[in-house]
1. Suppose the filter is surrounded by fewer than 23 Cβ atoms within 10 Å (Cβ to Cβ) and away from ligand 1 (no atom under 16 Å from the Cβ); does A:GLU167 pass it?
2. Consider the range B:238-271. How many of its residues are of a type in the set (A, V, I, L, M), within 10 Å of chain A (Cβ to nearest Cβ) and touching a residue at least 12 places away in the same chain (Cβ under 8 Å)?
3. Anything in the range B:285-338 that is in a loop (DSSP other than H, G, I, E, B), of a type outside the set (A, V, I, L, M) and free of Cβ contacts under 8 Å to residues at least 24 places away in the same chain? List them, or say none.
4. Do the conditions hold for B:SER227, that is, is it more than 14 Å from every other protein chain (Cβ to nearest Cβ), open to solvent by 20 Å² or more (accessible area, probe 1.4 Å) and in contact (Cβ under 8 Å) with a residue 40 or more places away in the chain?
5. Cβ-Cβ under 7 Å, sequence separation 6+ or interchain: first residue in the range A:193-209 and within 14 Å of chain B (Cβ to nearest Cβ), partner within 12 Å of ligand 2 (Cβ to nearest atom) and among the acidic types (Asp, Glu). Which pairs?
6. Regarding the range A:48-55, can at least one residue be identified that is assigned to a loop (DSSP other than H, G, I, E, B) and more than 20 Å from the chain's Cα centre (by Cα)?
7. Among the residues of the range B:239-254, are any surrounded by fewer than 17 Cβ atoms within 10 Å (Cβ to Cβ), under 23 Å from the mean Cα position of the chain (by Cα) and among the β-branched types (Val, Ile, Thr)?
Amino acid sequence: METFHLKNIRKTFKNGEVEEEVLKGVNLSLRPGEITALTGASGSGKSTLLTIAAGLQETSEGEISFKGKNLADVKEEKLRKVRAEEFGFIFQSSHLVPFLTVEEQLFMMLEVAGKKKEEEEVTAILSKVGLSHRRKAYPSSLSGGEKQRAAIARSVIHRPSVLFADEPTASLDSKKSEEVMQLLEDMTKERGMATLLVTHETEMLSYADRVVHMEDGKILV
Amino acid sequence: MNMALKEMKKNKTRFLIIGAVVFLISLLTFLLSGLANGLSEDNMASIRNLPEGNFHLTEDAEGSYTRSNLDEATVQSATGQNNYAFSVQMGGLEKSERKYSLAFFNSTSASPFPQPDKGEVVLDSSVKEEGVSVGDTLTHPQTGEELEVTGFADNERFSHSPAAFVNQEEFSSMFRIEDFQVLYTENEKDISGLETFSKSEFLSSIPSYQAEQMTLSMILWFLVLISGMLFAIFFYMMNVQKTGMFGILKAIGVRTRRLFYMMWVQMLTITSLAVLLSGLAGQTAGVLLPEAMPYDLPISTTLALAVVFLVVGFIGSTFSGLRIRQIKPLEAIQQGEG
Ligand SMILES: Nc1ncnc2c1ncn2[C@@H]1O[C@H](COP(=O)(O)OP(=O)(O)OP(=O)(O)O)[C@@H](O)[C@H]1O
Ligand SMILES: [Mg+2]
């Protein structure tokens with residue numbers, strides 16, 4: 001079974017003369033079909049860990065092993081390809097492309113991931129996230145919840161192996177949050193993704209298969 | 001999927017505005033270029049219409065045809081088929097009360113210029129409109145010599161004046177110059193004692209021509225430069241606005257190259273459309289403007305300028321796009337916009 005491992009990840013930021021170690025040797029594994037929830041106080045290093053795992057910033061030390069490769073050593077172009085084909089992203093804001101309609105966002109993602117233009121797949125996923133009637137709409141005309149659901153559809157349309165979600169419900173009210181979490185759970189199970197979910201909200205933890213708590217740059221066991 | 005065109009479709013006004021500005025600037029460039037070319041033709045058609053070749057002046061003339069005096073022997077030995085000598089002097093003729101300012105030409109037999117007999121003159125056809133016709137007699141006020149108009153030649157001008165072609169004898173008595181000033185050879189590059197100029201070099205050695213053309217072409221290139229900077233500024237502002245989006249696109253795995261293609265497609269679409277329209281307008285102006293207006297915009301010039309606009313637009317947009325390469329996906333995510 002393919003898994004995603006973070007081994008002894010350290011990250012140091014330099015602010016002028018001052019060096020600050022934000023991650024102090026983190027070990028974490030993600031498993032297919034499971035949501036791993038990452039919690040912890042603000043500033044404990046959750047987002048830093050997620051972005052390092054996702055290949056969006058470099059680690060100072062440690063290994064990110066995925067499909068037999070150590071992503072910490074992979075060159076930028078290869079890493080981009082991994083992100084495009086194997087990873088999905090959901091952020092606090094939906095970050096949709098303003099000039100593409102909902103369905104075009106999904107077609108674009110398929111294209112970026114080098115996949116065929118699957119009409120049926122798009123139709124299926126849009127109905128799953130409840131946006132069938134809004135498929136021709138531009139992001140500016142969607143509500144916050146609709147935007148986030150469109151972002152979820154975009155993050156999974158290309159069938160990534162790993163899904164990174166950094167506080168995907170932070171901008172939604174509790175009812176919308178429940179909906180979005182339910183969707184994430186379904187998708188993770190259905191598609192066998194290894195999902196890393198960063199969240200502040202304790203209500204969301206019930207959707208997770210595993211909860212990991214971070215404190216001061218370390219994972220508490 | 002063509003994201004470039006999708007963006008243009010969604011943000012029509014923004015792109016229409018830049019398109020309109022490029023249209024206006026390129027139109028202005030075309031009109032100015034037509035004017036520069038027209039003025040040049042009005043100024044120097046008689047020289048411009050000669051075939052490419054070598055123009056020789058005596059070395060002591062230091063590049064000024066007015067000070068050049070070719071000696072008889074040189075002219076004798078160098079002229080022949082496709083090689084000829086000529087002189088130009090500014091002067092005038094009168095018909096009753098009317099005075100005509102003319103550029104007098106005198107040339108050896110192989111030249112494309114008309115060579116009337118003694119007592120005759122051939123004039124540029126523009127003089128027709130000023131009331132001169134074949135058979136009229138014109139007087140040279142200084143010498144009192146009388147010349148009969150035997151014909152007209154099309155588009156023969158020098159120093160913004162209509163040309164008048166006369167015989168060697170008349171020319172010498174009117175201007176007291178025996179020698180020819182300029183030797184034209186088709187292929188002969190080096191003739192001892194003479195300095196050689198290409199056609200364009202010879203044209204720009206004529207001070208009034210040089211000054212006129214330089215001013216116009218300076219304005220022209222400024223306009224081209226401005227349009228390039230305009231593109232740079234426009235795309236710079238758009239790119240700054242889109243920094244967040246570009247960051248996200250990079251994060252989900254879009255190639256930086258693709259973001260550049262997007263910009264180039266947009267720039268090419270805008271410029272092509274704008275320049276096509278202004279090029280057509282520039283050509284139409286040539287038809288609509290009154291005959292007396294010196295305006296001449298050849299298709300070849302239009303096309304050349306169009307290419308220049310595309311190149312300049314490309315450079316301008318690419319230059320401003322360089323910052324796209326520096327955008328880090330992470331910053332965009334942390335900015336949390338959209
Ligand atoms: N680029 C950076 N340069 C310097 N310091 C940074 C940088 N990015 C993050 N940090 C610091 O690292 C620490 C952890 O930040 P991080 O964003 O990972 O926290 P977090 O756990 O996600 O917090 P929150 O719950 O508020 O999102 C913070 O103290 C932050 O200031
Ligand atoms: Mg965070």
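The values are calculated or read from the model by the stated rules, or taken from the named source; none is laboratory data. All figures in this text were calculated on a predicted structure; none of them were measured in a lab. Note: ideal-geometry Cβ built from the backbone for every residue, glycine included; neighbour counts use all protein chains shown. The accessibility values were calculated without ligands, DNA or RNA, using every heavy atom of the protein model including side chains. Shrake-Rupley method; radii C 1.70, N 1.55, O 1.52, S 1.80 Å.
1. Values: surrounded by fewer than 23 Cβ atoms within 10 Å (Cβ to Cβ): yes; away from ligand 1 (no atom under 16 Å from the Cβ): no.
The answer is no for A:GLU167.
2. So the first thing to find is which residues in the range B:238-271 are of a type in the set (A, V, I, L, M), and the list is B:238, B:240, B:245, B:248-249, B:251-252, B:254, B:259, B:262-263, B:265, B:267-268, B:270.
Checking the rest, the ones that are also within 10 Å of chain A (Cβ to nearest Cβ) come to B:245, B:248-249, B:251-252, B:254.
If we keep only those that are touching a residue at least 12 places away in the same chain (Cβ under 8 Å) too, we end up with B:245, B:248, B:251.
Final tally of qualifying residues: 3.
3. Kept after step one, since they are in a loop (DSSP other than H, G, I, E, B), are these residues of the range B:285-338: B:289-298, B:327-328, B:336-338.
Cutting the leftovers down to of a type outside the set (A, V, I, L, M) gives us B:290-291, B:294-296, B:298, B:328, B:336-338.
The answer is B:PRO290, B:GLU291, B:GLY336.
4. Answer is no for this residue.
5. Matching pairs, first to second residue: A:VAL198/A:ASP166; A:VAL198/A:GLU167.
6. Applying the first criterion (assigned to a loop (DSSP other than H, G, I, E, B)) to the range A:48-55 yields A:54-55.
Among the residues that remain, those that are also more than 20 Å from the chain's Cα centre (by Cα) are: none.
The answer is no, given that none of the residues of the range A:48-55 is assigned to a loop (DSSP other than H, G, I, E, B) and more than 20 Å from the chain's Cα centre (by Cα).
7. no
Matching residues to (1) more than 16 Å from ligand 1 (Cβ to nearest atom); (2) open to solvent by 70 Å² or more (accessible area, probe 1.4 Å); (3) away from chain B (no Cβ under 14 Å):
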| site | (1), (2), (3) |
| --- | --- |
| A:LYS14 | no, yes, yes |
| A:GLU20 | no, yes, yes |
| A:SER42 | no, yes, no |
| A:ALA54 | no, no, no |
| A:THR59 | no, no, no |
| A:SER65 | yes, no, yes |
| A:ALA72 | yes, no, yes |
| A:ALA84 | yes, no, no |
